[in-house]
Amino acid sequence: MRAELTPTDPTSSGDPSSRPRRAPWRKRLLFRLIRWYPPFLGAGIRVRRFASDLSSFEVCMKLRWWNRNYVGTHFGGSLYTMCDPFFMLLLIEALGPDYVVWDKAATIRFRRPGRGAVSARFHIPPAEIDRIRARVDSDGRVEPTFTAEVLDAQGRVVAEVEKLLYVRRKDRIAAAVSG
C-alpha cells in the first residue's frame, strides 16, 4: 500500500460557515514538501494526510532494511522522529504569529516491537487550544503536554511519545528583553 499525501477536510459538514479556515496555499505547499525533510526521507517516514486548515496530521512508516535495528524491529529513533515536530507545528499554526512555541522535552515509551508498518495521528482539539491561549494570556507562559500513540497495522500500541511544549506571547518576550 502506497501512502498518498492528501489534504483532508477536518469537518464533515457541508456548511461553509462551519468549516475551519483553509491555510494559505504556501503553507499547504510547505506541508506537502515535508516528505522531503531529510530525517523523514532517511527513515522512510511519510506524511499520509493533513487537514486543509493544518489542524491534524497522520504519518506512517514501513519497516525497511534502513530503519530496522539489530533485532529486526523498528529503530526507536525512527519511531521518535515520526512524532517529533507535529504537536509544535499544530500549535504554531493554531495560535498564530503572536505566540512563540518550542519543544521543551520529550519521552518515548516502547510498548511492543514494531514489526511492520506503523502510523501515528496528531491533533489538538480546539477547546485545548483555547485553554492554552487563555493561560498564556493570563499567566505569561504555559507548558502543555501532549501524547501520541504509534500504532501497528492491527491498531496495537507500539510506542507512546509524550511532548512537553513551551508557549509564550511574543510581545511578552520583547518586554522582558527591553525591560
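Nothing in this text is a laboratory measurement; each read-out follows from the coordinates by a stated rule. As the structure is a prediction and not an experimental result, all values here were calculated from the model. All Cβ positions, even for glycine, are placed from backbone atoms using ideal geometry, and neighbour counts span all protein chains on display.
Each peptide among 61-72, 77-88 gets the average number of other Cβ atoms lying within 10 Å of its residues, and from highest to lowest they stand as 77-88, 61-72.
In order along the range 78-95, the phi-based Karplus estimate (6.51 cos²θ - 1.76 cosθ + 1.60, θ = phi - 60°) of 3J(HN,Hα) comes to 5, 4, 5, 4, 5, 10, 4, x, 6, 5, 4, 4, 4, 6, 4, 5, 6, 7 Hz; Gly and Pro are listed as x. Phi angles across the range 149-163 convert, under the Karplus curve 6.51 cos²θ - 1.76 cosθ + 1.60 with θ = phi - 60°, into 3J(HN,Hα) values of 9, 8, 10, 7, 5, 8, x, 8, 6, 8, 8, 10, 10, 10, 10 Hz, Gly and Pro given as x. Shown for Glu58, Glu149: other C-beta atoms within 10 Å of each C-beta, ranked fewest to most, produce the order Glu149, Glu58. Amide H contacts of Arg49 (H built 1.01 Å from N, in plane; Pro and chain starts excluded): Thr6, Glu58 sit under 5 Å, all sequence-distant by 5 or more or on other chains.
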